[in-house]
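Participant: Okay, here's the structure, questions in a sec.
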Amino acid sequence: MLFSELGLGPEVLRAIEDKGYTQPTPIQEQAIPLVLQGRDVLGCAQTGTGKTAGFTLPMIQILASGRARARMPRSLILEPTRELAAQVAESFETYGKYNKMSMALLIGGETFSEQVKKLDRGVDVLIATPGRLIDLFERGNIMLNDIKVLVIDEADRMLDMGFIPDIERIVGMLPKMRQTLFFSATMAPEIRRLADAFLSNPKEVTVAPPASTAETVTQALVVVQEEDKRKALRHLLQTEDVKNAFIFCNRKRDVAILQKSLVRHGFNAGELHGDMPQSKRTETLEAFKQGEITLLVCSDVAARGIDVQSVSHVFNFDVPVSAEDYVHRIGRTGRAGKAGRAFTLAAPDDGKQVAAINRLIKREIPLISIDGLESPELSEEDSRGRGRGRKPAAAREERKPREERPEPQAREERQPREARPERQPREERQPREERQPREVHVREERQPREEHAHPRELAPAAESRRADPRRDRDRDRGDRRRRHEDEDDSPVVGFGDHMPAFMLRSARPRPVENVDPPQEG
Ligand code: AMP
């Protein structure tokens, strides 16, 4: 099929031609005509399949007629991370260059004033992360009642990051008569219920089995003692033909430690994680894209959707806690049909996590050994607290008991809602300044759930603060949002304490219209 057969206008087709695309990808072939017909779309597609163009191209076409009014954007795209939002903004610039369109990117970590100025001029497309959008809405800088098209991208990631209450709130501010496009890499039952709540009679398109790893990625597993991991990584970096690589750590602080260690050993390495200021994040990613930095040590903030062409390698310095993250991490290489290599370093007691990955990808990651390093057996037993006599590595010693750690508890290990301790009333909670710093401030820090609660839940607190000057309240809310968005690679929180209304409804079965060509990369 050709792009010209999809119903797109000449300006958009010219931009596609300039970009050098000859054929639409399967998701584009399916989604573009549906979007142009004004249908709601439920897309099950990973990044790398061309899904961004799948919604941006027809949106440009739809928005080409009509004009935006000041502070009243005509379309809204919600992204879970700032990097993804910036990437979508780039796509609009690329594909919309022959259409007169105005766009605003509303992401945390950047000053409000520029964003407000843009909104004042009127924008056709608003691309935002949820927290910053709510901030601007609460400040009265934006009205959402003219939104004609809503895109919720990476819905499963939004769920993982605890953004669903925000999304519900935002959707509640939008007109009921609108077109909604909803994309997710996976279609877990809770995602499907969410889609049911937000979409109206959608067409469903699926382009890749949710857990597929690209055929173009050669994978290997190295089991070493925890204390040998850095040595193992250096060995791989020296012996592999590494042009550039993402190196994933599970924890933000390990990102910084590993990056410094690599630099000390003469490697050209940068770092990327959610605790860094946005300007630094953008700068580092750009330097990596431009080849000025060869190795990017990162947390999972970089695992999803970051589109850097021709990344030769991915190294998992830690086995990811969630098996799905493995698929996303290694998907940073082997893109667009190019060959890529992915190595995972496992410590002996990572057996459970490795087994979960093998189950998900339906194959065993081939095991390799490194000369001169001990290759211990993987154990699926939970060794914590059993005193197996293994000399604890520095990194392990640092580890806190699970309850204290900043990482997500595995979903199934989390406390059921009923078993969670009652929330403290707001007045009794520790004031923000007194709270523990980030590194030791584990579950509490994740309590954006409490602070980030649904408007209904916030009502009593708002009541008690009626006497406060509005400025303070806004600033406080701003802090809250920003802090939350800074944690966009933070642990899985799901719905937290919030039980959205739609979860209580049963999911409606719907006919599936599958398109099932292989994943593009
Ligand atoms: P996405 O899944 O939207 O992140 O896109 C992944 C990559 O595929 C991006 O680098 C796009 O530029 C590229 N891409 C999107 N559509 C096409 C197409 N029709 N032909 C070739 N490359 C494409």
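Participant: Only residues that are at pLDDT below 95 and either β-branched (Val, Ile, Thr) or over 22 Å from Phe55 (Cα atoms) (or both): list them for the stretch 206-221, please.
Facilitator: Result: Thr206, Val207, Ala211, Ser212, Thr213, Ala214, Glu215, Thr216, Val217, Thr218.
Participant: List pairs: first in the stretch 8-23 and over 20 Å from Thr49 (Cβ atoms) and without any contact (Cβ under 8 Å) to a residue 12 or more places away in the chain, second part of a helix (DSSP H, G or I) and within 12 Å of the ligand (Cβ to nearest atom), Cβ under 8 Å, 6+ apart or cross-chain?
Facilitator: Leu13/Phe3
Participant: Assess whether Ala45 counts as being at pLDDT 90 or above, closer than 30 Å to Tyr326 by Cα and in contact with a Lys or Arg (Cβ under 9 Å, 6 or more places away or on another chain). Step through it out loud before you land on a result.
Facilitator: Details: at pLDDT 90 or above: no; closer than 30 Å to Tyr326 by Cα: yes; in contact with a Lys or Arg (Cβ under 9 Å, 6 or more places away or on another chain): yes.
The answer is no for Ala45.
Participant: A follow-up question, please. Can you name the residue in the stretch 144-168 that is assigned to a loop (DSSP other than H, G, I, E, B) and touching a Leu at 6+ places or on another chain (Cβ under 9 Å) and, of all such residues, is surrounded by the fewest Cβ atoms within 10 Å (Cβ to Cβ)?
Facilitator: Asn145
Participant: Inspect all residues belonging to the stretch 253-262 and state whether any of them is surrounded by fewer than 17 Cβ atoms within 10 Å (Cβ to Cβ), among the charged types (D, E, K, R) and under 30 Å from Lys362 (Cα atoms).
Facilitator: Within the stretch 253-262 (the criterion being surrounded by fewer than 17 Cβ atoms within 10 Å (Cβ to Cβ), among the charged types (D, E, K, R) and under 30 Å from Lys362 (Cα atoms)), the answer is no, since none of the residues qualifies.
Participant: Of all residues being in a helix (DSSP H, G or I) and more than 8 Å from the ligand (Cβ to nearest atom) in the stretch 28-52, which is surrounded by the most Cβ atoms within 10 Å (Cβ to Cβ)? Just the residue, please.
Facilitator: Ala31
Every residue, every condition in (1) away from the ligand (no atom under 16 Å from the Cβ); (2) surrounded by fewer than 18 Cβ atoms within 10 Å (Cβ to Cβ); (3) under 18 Å from the mean Cα position of the chain (by Cα); (4) under 19 Å from Glu283 (Cα atoms), yes or no:
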{"residue": "Gln87", "(1), (2), (3), (4)": "no, no, yes, yes"}
{"residue": "Tyr95", "(1), (2), (3), (4)": "no, no, no, no"}
{"residue": "Tyr98", "(1), (2), (3), (4)": "yes, yes, no, no"}
{"residue": "Ile134", "(1), (2), (3), (4)": "yes, no, no, no"}
{"residue": "Phe137", "(1), (2), (3), (4)": "yes, yes, no, no"}
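Table: residues versus (1) within 16 Å of the ligand (Cβ to nearest atom); (2) buried (at least 24 other Cβ atoms within 10 Å of the Cβ).
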{"position": "Glu11", "(1), (2)": "no, no"}
{"position": "Lys19", "(1), (2)": "yes, no"}
{"position": "Gly54", "(1), (2)": "yes, yes"}
{"position": "Ala70", "(1), (2)": "no, no"}
{"position": "Glu79", "(1), (2)": "yes, yes"}
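For (1) free of Cβ contacts under 8 Å to residues at least 60 places away in the same chain; (2) more than 29 Å from Leu272 (Cα to Cα), each residue gets a yes or a no:
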site	(1), (2)
Val41	no, yes
Thr47	no, no
Phe55	no, no
Met59	no, yes
Ile62	no, yes
Ala86	no, no
Met101	yes, yes
Ala104	yes, no
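Participant: Continuing with the same structure: In the same structural domain as Glu227 (by TED's automatic domain parsing) and loosely packed, with under 15 Cβ neighbours inside 10 Å: which single residue out of Arg341, Arg359 fits that description?
Facilitator: Going through Arg341, Arg359 in turn, the sole match is Arg359.
For every residue, the table says whether it meets (1) part of a helix (DSSP H, G or I); (2) buried (at least 18 other Cβ atoms within 10 Å of the Cβ); (3) assigned by TED's automatic domain parsing to the domain that holds Val88; (4) not aromatic (Phe, Trp, Tyr).
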{"position": "Phe267", "(1), (2), (3), (4)": "no, yes, no, no"}
{"position": "Ile306", "(1), (2), (3), (4)": "no, yes, no, yes"}
{"position": "Val311", "(1), (2), (3), (4)": "no, yes, no, yes"}
{"position": "Val327", "(1), (2), (3), (4)": "yes, yes, no, yes"}
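The values are calculated or read from the model by the stated rules, or taken from the named source; none is laboratory data. Nothing here was measured: the structure is a model prediction, and the numbers come from that model. Reconstructed Cβ throughout: ideal geometry from the backbone, glycine too, with neighbour counts over all protein chains shown.
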